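The values are calculated or read from the model by the stated rules, or taken from the named source; none is laboratory data. Since we're looking at a predicted model, the values are computed, not measured. Here Cβ is always computed from backbone atoms with ideal geometry, including for glycine, and neighbour counts include all displayed protein chains.
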Amino acid sequence: MTIEHGQRRAGLRGKLPARPGSIPLKFGDFLNRAKLPALPPHFGHVTNVPPGHHGWRMLGNDMASDCVIAGRCHEIMVAASATGRPIPSFSTGSALADYSRCLQFSGGKPYNPRDPSTDTGLDMQQAAKWWRDVGITDADGKVHKIDAFVAISSVDDLLMATYLCGTGGAGLAIPDTAERQFEAGQVWDDLRSQPTGGHYVPCVGYMGGHLVFVTWGELQGATREYVEARMEDAVCCLSREYLTAKGLSPELINWDALLDAVDSLRRLGEPSARQQAAEHQEPEQPVQHQPEPDTDQSADHADEQALHGDEELEQEQPPPQPKHHRQPDRKPKHKPPRKKR
């Protein structure tokens with residue numbers, strides 16, 4: 001793959017530490033590996049030309065630790081592109097508003113750009129549950145939900161999830177060199193440096209022997225060894241938005257068969273994946289925007305605007321609240337100065 005450089009600028013991180021077992025269903029558990037297709041030498045529904053009228057966009061991840069939300073917005077864009085639908089429009093304002101709502105859904109405070117203590121980042125399991133139950137609202141007011149979600153536990157399964165479902169969300173513990181390599185247009189391959197923070201990056205393909213992610217508004221390649229060393233959690237989100245009019249994915253995967261496979265693994269007493277999916281079949285209606293966070297941004301930002309069981313187990317503990325990793329200061333591109341990482 002080709003990575004353009006010169007205008008690339010790294011943003012913030014924002015994935016909270018992994019909680020092993022927080023997502024009970026595992027993607028690999030319901031795969032009939034004897035019947036799986038062989039992965040092609042390259043695949044993915046992205047090119048070096050960004051989708052839509054405005055491209056990927058940073059979606060607030062240069063101001064706030066909303067990488068989990070920005071990544072999910074990018075996954076929705078990939079699904080639309082793969083199935084021939086209009087590319088939804090997302091903006092800094094819409095992404096930060098969803099970040100604020102998801103923080104509250106997870107038991108935190110709403111995001112306030114003037115209060116750094118509210119910019120805590122997100123837990124991947126809590127965020128996946130929010131995508132399923134509430135959904136992400138694009139800049140035009142349309143809500144995008146997933147139907148179910150499952151955990152991914154290996155790079156092999158991350159690649160298969162990306163091939164079968166369009167994307168796979170990876171939670172990487174990355175070192176500071178990830179930012180420097182990103183800005184220089186280099187593939188992530190540093191196996192020596194110690195990680196300094198968690199980052200959510202959706203895998204969108206495999207090209208040139210590298211896994212391809214979308215992050216900080218650009219495509220970014222990584223070696224398999226890098227992802228194996230850095231991936232601490234990952235999730236596959238299933239959405240009807242990745243289906244064509246014939247009810248099949250672009251790779252001709254049958255949705256009903258997939259739901260049946262997941263239901264065979266559900267815990268006793270839990271609603272089935274099919275039941276959960278049925279709840280989301282009603283036509284989606286535009287929602288009225290809540291007031292978006294005041295980002296106090298420059299003119300460059302002014303125009304930017306499941307396979308899960310049932311509800312969380314009653315004994316489940318809230319996600320940890322670790323120290324927020326900050327990256328070294330960089331010379332800002334926009335005014336006012338960017339928040340310290």
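Tabulated data
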| read-out | value |
| --- | --- |
| Meets criteria (of a type outside the set (Lys, Arg), buried (at least 24 other Cβ atoms within 10 Å of the Cβ) and under 22 Å from residue 208 (Cα atoms)) for residue 178 | yes |
| Flag for residue 70 being hydrophobic (A, V, I, L, M, F, W, C) and farther than 14 Å from residue 214 by Cα | no |
| Output for the stretch 144-158, where each listed residue is more than 14 Å from the chain's Cα centre (by Cα) and surrounded by fewer than 24 Cβ atoms within 10 Å (Cβ to Cβ) | 153, 154, 155, 156, 157 |
| In the stretch 31-54, the residues that are surrounded by fewer than 17 Cβ atoms within 10 Å (Cβ to Cβ) and either at pLDDT below 75 or not in a loop (DSSP other than H, G, I, E, B) (or both) | 31, 32, 33, 34, 35, 36, 43 |
| Filter result (within 17 Å of residue 207 (Cα to Cα) and charged (D, E, K, R)) within the stretch 169-196 | 189 |
| Output for the stretch 89-126, where each listed residue is acidic (Asp, Glu) and buried (at least 24 other Cβ atoms within 10 Å of the Cβ) | 98, 123 |
| Boolean, residue 214 is assigned to a helix (DSSP H, G or I), surrounded by 15 or more Cβ atoms within 10 Å (Cβ to Cβ), under 16 Å from the mean Cα position of the chain (by Cα) and modelled with pLDDT of 95 or more | no |
| Members of the stretch 151-184 found to be touching a strand residue (DSSP E or B) at 6+ places or on another chain (Cβ under 7 Å) and part of a loop (DSSP other than H, G, I, E, B), listed by number | 152, 153, 167 |
| Residue match in the stretch 14-30 (condition: at pLDDT 70 or above and closer than 22 Å to residue 207 by Cα) | no |
| Flag if residue 205 is of a type in the set (Gly, Ala, Ser), farther than 21 Å from residue 95 by Cβ, at pLDDT 95 or above and surrounded by 24 or more Cβ atoms within 10 Å (Cβ to Cβ) | yes |
| Extreme residue, nearest to residue 161 (Cα to Cα), among residues of the stretch 124-150 that are among the aromatic types (Phe, Trp, Tyr) and part of a helix (DSSP H, G or I) | 131 |
| Pick from the stretch 1-13, criterion at pLDDT 70 or above and out of contact with any strand residue (DSSP E or B) (no Cβ under 7 Å at 6 or more places or on another chain), ranking: surrounded by the fewest Cβ atoms within 10 Å (Cβ to Cβ) | 7 |
| Test: residue in the stretch 67-82 that is surrounded by 18 or more Cβ atoms within 10 Å (Cβ to Cβ) and in a loop (DSSP other than H, G, I, E, B) | no |
